[in-house]
Amino acid sequence: MQWKEIERIMKKNQKYADMLEYYDRTGRFPLDKVRKNFTLKEINATRLEEGAEKRRTSMSALLDRLIEKELS
């Protein structure tokens, strides 16, 4: 395997490497579900509900996707 191919594979799978690193550091699996309470503006809560309904998914799943997209 050439170095460029190794770098390409590492970049493609960085998400999984980060998950394993998190597990090594904390001892917790990063995909476990966690319940949190937080406050949203009324307009954002409504948009979240409408967006989840439109995509036929849960609000939690939609939030997960949006956070991963925004903060990655």
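No lab work stands behind these numbers, since they all come straight from the coordinates. Just so it is clear, the model here is predicted, and its values are computed rather than measured. Neighbour counts are summed over all protein chains in view; Cβ atoms, including those assigned to glycine, are modelled from backbone coordinates with ideal geometry.
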Checklist outcome for this item: Restricting attention to the stretch 1-46, the residues that are among the small types (Gly, Ala, Ser) and under 25 Å from Leu62 (Cβ atoms) number exactly 1
Checklist entry - Among Leu31, Leu63, Leu20, which is the only one that is part of a helix (DSSP H, G or I) and touching a residue at least 12 places away in the same chain (Cβ under 8 Å)? => result Leu63
